[in-house]
Amino acid sequence: MGKTLAEKVWDEHVVRSTEGEPDLLYIDLHLIHEVTSPQAFDGLRMSQRKVRRPDLTLATEDHNVPTLDWDKPIADPVSRTQVDTLRKNAADFGVRLHPLGDVEQGIVHVVGPQLGLTQPGMTIVCGDSHTSTHGAFGAIAFGIGTSEVEHVLATQTLPQQKPKTMAVTVNGSLPEGVTAKDLVLTLITHTGTGGGQGYIVEYRGQAIEELSMEGRMTVCNMSIEWGAKAGLIAPDQTTFDYIEGKPEAPKGADWDAAVAYWKTLVTDADATFDKEIVLDASTMTPFVTWGTNPGQGVQLGGNVPSPADFSDPVDQIACEKALEYMGLQAGTPMREIKVDTVFVGSCTNGRIEDLRLAAEVIKGHKVADQTRLLVVPGSVRVRLQAEAEGLDQIFIAAGAEWRGAGCSMCLGMNPDQLAPGERSASTSNRNFEGRQGKGGRTHLVSIPVAAATAVRGTLSSPADL
Amino acid sequence: MDKFTNHTGVAMPLKRSNVDTDQIIPAVYLKRVTRTGFEDGLFAAWRNDREFIMNRPEYAEASVLVAGPDFGTGSSREHAVWALQNYGFKVVISSRFADIFRGNSGKAGLLSAQVDEAVVEGLWAYLEANPGAEVSVDLESRSIKAGQGDDAIDATFVIDDYTRWRLLNGLDDIGITLSHEADIDAFEAKRPAYKPVTQ
């Protein structure tokens, strides 16, 4: 019997397999940042261990770094200590680091692909749940905890139970103005936040094949929001074209050998999945969240639901609590919800294509009087590219704030936070209570919805402008 | 890692589903570079509410958490496990755990005991009727016991054999893996040349 894409990549990386034990999996690339690594390096020191493969390890500063005054010392002393600790650890253990101020600095999941380090058929881990982003290239990529970070540093492997496989097939084409973000938000509301637990998911079908690499990364990025171990997409010409010429991409004969291998990374016709979900892209519309988890979503054209709309008592209670936290009345049209802050950025939607799309919608308009628009590029390279294309000037002319690169308001570890009660439309990935700042209220949206919302001050799509 | 065989302690019902890691410990509390001191961040936003269950005196010594489905969703932060442990929790009981949280808890020595939703409901009812009551969790027999007589709860929980074995013996994963270093060397020797390197 044939193998699925995920099984092929998994089997290629098994160092050791024994009945009754997890597989020992080799890790091709280990990405590191300042928040989840300090205790791992401490563990190495205590056990007098070294980093086995510094040459398969890359560090960047992203989670807590400021997006203003990035050329000055970090004002918050606790954040500064964490960043300084990463710098010391990288120096002590010989790990390549792209620090604040470096041209390759940025969100770890934006930096890997733009350097060409993220390639098909690899295993990639990072102490960050959105590592699933790299699955867009046909890699098995997943987030790990700090104990596992230490394990990978010391051994370049991880003991892992082989997950089950699932196919999410998205047939048809996305309608004009409906994006990868709307697709994945629709999917998560369909499955719930736990629907993917225990599975590596392969996204496939016409709508997936038609996505750019940026769009594929947006879909794979949010795999974790419905609980999947990882999400991946078979590499194709779109993938190869994106990688070719990137700084760390294979060159010459290596390129030919790599592409020949990458072309084998497809699910065999006679392979079977443990579970399948089929969706139709052609009926999808702009999709936004109303609640406090990414599975609490609705079409932009719909209304805030009521607890009575749910059959499961657990969902009813969750809806009631979410409406209270979000300060929303059941039955309110989503388009009437007034937004204070619009956040464009994050590892979900902070790449150059995202900024181009946002600029296209906002060009010639002004940000609404009572609304603030924060545009945070995913990396310094993205910022410089956007500036070269004049996108920054479009944002600034509209009244937006144009910032430096980092995770920023996606998780509010740096000063970019919502105030209590403040409401955001955010292109990021999580609408958890307090995620973007204590008491903050988050609606997850696509790039076009974010840009149109900034102009109108209420949840909107470009069609409303 | 300390061995875990069994634990008896005050159990606290947390009647919420989707308790994500941002609720367990908000990001602003993640800036420490140690594995200790995260207890102040545990359920930080909810603790501001004086009525929140953790603020009630009968749960001051709580060490077993009984939560709704999809516990630990969201971020990979192991700080969520450390915050629970630093505060004094030894066991979390739920009907469904997020994969990364479950993995992290197994590595750090916090027991994530998965039970049927009916067991969670039963424990919630028992604990509401008997605030501050103790629950016993035994890893050897994979069992949870509470109460006496007709109302007694005697249930089993699910945990994979490998994690159970490691917890029972307090084993360090890295040490186990390094005993197979020859296998890793052999694997590395046949990796293709086109695989990327960072330096």
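The values are calculated or read from the model by the stated rules, or taken from the named source; none is laboratory data. What you see is a predicted model; the values in this text were computed from it and never measured. Note that each Cβ is placed from the backbone with ideal geometry, even for glycine, and that neighbours are counted across all protein chains shown. Surface areas here come from the heavy atoms of the whole protein model, side chains and all, with no ligands, DNA or RNA. Shrake-Rupley method; radii C 1.70, N 1.55, O 1.52, S 1.80 Å.
Total residues in the range A:449-465 satisfying the condition of being open to solvent by less than 10 Å² (accessible area, probe 1.4 Å) and not in a loop (DSSP other than H, G, I, E, B): the figure is 6. Cβ-Cβ contacts under 7 Å between residues 6 or more apart (or on different chains), taken from a first residue in the range A:319-334 that is closer than 19 Å to residue A:301 by Cβ to a second residue that is part of a helix (DSSP H, G or I) and modelled with pLDDT of 95 or more, are listed as A:330/A:323. Looking at residue A:316, is it farther than 25 Å from residue A:411 by Cα, at pLDDT 95 or above and open to solvent by 40 Å² or more (accessible area, probe 1.4 Å)? Yes: the conditions hold for residue A:316. Here residue B:25 meets the list (1) within 14 Å of chain A (Cβ to nearest Cβ); (2) more than 19 Å from residue B:109 (Cβ to Cβ) almost entirely, failing just condition (2). For the range B:168-185, taking the residues that are hydrophobic (A, V, I, L, M, F, W, C), assigned to a helix (DSSP H, G or I) and more than 8 Å from every other protein chain (Cβ to nearest Cβ), the one that is nearest to residue B:90 (Cα to Cα) is identified as B:168.
A single entry from A:251, A:229 fulfils the requirement of being open to solvent by 40 Å² or more (accessible area, probe 1.4 Å) and closer than 30 Å to residue B:103 by Cα: A:229. Taking the conditions exactly as written (open to solvent by less than 10 Å² (accessible area, probe 1.4 Å) and closer than 29 Å to residue A:302 by Cβ), does residue A:441 satisfy them or not? Criteria not met by residue A:441. Among the candidates A:22, A:77, A:73, A:54, the residue that is touching a helix residue (DSSP H, G or I) at 6+ places or on another chain (Cβ under 7 Å), open to solvent by 10 Å² or more (accessible area, probe 1.4 Å) and modelled with pLDDT under 95 is uniquely A:73. Here is the figure for the range A:95-109: residues that are within 12 Å of chain B (Cβ to nearest Cβ) and either over 19 Å from residue A:127 (Cα atoms) or of a type outside the set (A, V, I, L, M) (or both) total 3. If you go through the range A:372-399 and keep only what is open to solvent by 20 Å² or more (accessible area, probe 1.4 Å) and within 21 Å of residue A:423 (Cβ to Cβ), you end up with A:372, A:399.
If you filter the range A:126-153 down to residues that are open to solvent by 10 Å² or more (accessible area, probe 1.4 Å) and within 20 Å of residue A:52 (Cα to Cα), you find that the one that is nearest to the other protein chains (Cβ to nearest Cβ) is A:147.
Screening residue A:430 on (1) within 14 Å of chain B (Cβ to nearest Cβ); (2) of a type outside the set (Gly, Ala, Ser); (3) touching a His at 6+ places or on another chain (Cβ under 8 Å) shows it passes everything except condition (3). Collect the residues in the range B:87-108 that are away from chain A (no Cβ under 11 Å) and basic (Lys, Arg), keeping them in residue-number order. B:90 - this is the single residue of the range B:87-108 that is away from chain A (no Cβ under 11 Å) and basic (Lys, Arg).
Being over 18 Å from the mean Cα position of the chain (by Cα) and over 19 Å from residue A:294 (Cα atoms) is the filter; apply it to the range A:334-355 and report the residue that is surrounded by the most Cβ atoms within 10 Å (Cβ to Cβ). For the range A:334-355, the residue satisfying everything is A:340.
Whenever a residue of the range A:170-190 is more than 15 Å from residue A:349 (Cβ to Cβ), its partners that are of a type in the set (Val, Ile, Thr), lying with C-beta atoms within less than 7 angstrom and at least six residues away or across chains, give the pairs A:170/A:208; A:171/A:278; A:187/A:168.
Summed over the range B:96-144, the residues that are charged (D, E, K, R) and either over 30 Å from residue A:130 (Cα atoms) or open to solvent by less than 60 Å² (accessible area, probe 1.4 Å) (or both) give a count of 8.
When the residues of the range A:16-49 are filtered to those that are among the charged types (D, E, K, R) and facing chain B (nearest Cβ under 7 Å), which remaining residue is nearest to residue A:81 (Cα to Cα)? Checked the range A:16-49; the qualifying residue nearest to residue A:81 (Cα to Cα) is A:28.
Just to be sure before I move on: is residue A:173 of a type in the set (Ser, Thr, Tyr) and either under 30 Å from residue A:45 (Cβ atoms) or at pLDDT below 95 (or both) in the structure I sent? So residue A:173 does not fit the description; no. Taken together, B:127, B:111, B:84 contain a single residue that is touching a residue at least 40 places away in the same chain (Cβ under 8 Å), farther than 30 Å from residue B:32 by Cα and either touching a Gly at 6+ places or on another chain (Cβ under 7 Å) or more than 10 Å from chain A (Cβ to nearest Cβ) (or both), which is B:127. Considering only residues in the range A:172-218 that are aliphatic (A, V, I, L, M) and not in a helix (DSSP H, G or I), the one that is most open to solvent (accessible area, probe 1.4 Å) turns out to be A:174.
Here residue A:123 meets each of (1) within 10 Å of chain B (Cβ to nearest Cβ); (2) buried (at least 22 other Cβ atoms within 10 Å of the Cβ); (3) of a type in the set (Ser, Thr, Tyr) with one exception, condition (1).
Screening residue A:105 against (1) within 20 Å of residue A:26 (Cβ to Cβ); (2) buried (at least 21 other Cβ atoms within 10 Å of the Cβ) leaves a single unmet condition, (1).
Can you tell me which residues in the range A:118-152 are part of a helix (DSSP H, G or I), under 14 Å from the mean Cα position of the chain (by Cα) and more than 24 Å from residue A:247 (Cα to Cα)? Selection gives A:129 alone.
One residue alone among A:419, A:463, A:425 is under 14 Å from residue A:344 (Cα atoms), among the small types (Gly, Ala, Ser) and touching a residue at least 12 places away in the same chain (Cβ under 8 Å), and that residue is A:425. Within the range B:47-67, the set of residues being in contact with a Leu (Cβ under 7 Å, 6 or more places away or on another chain) and within 13 Å of chain A (Cβ to nearest Cβ) comprises just one member, B:67.
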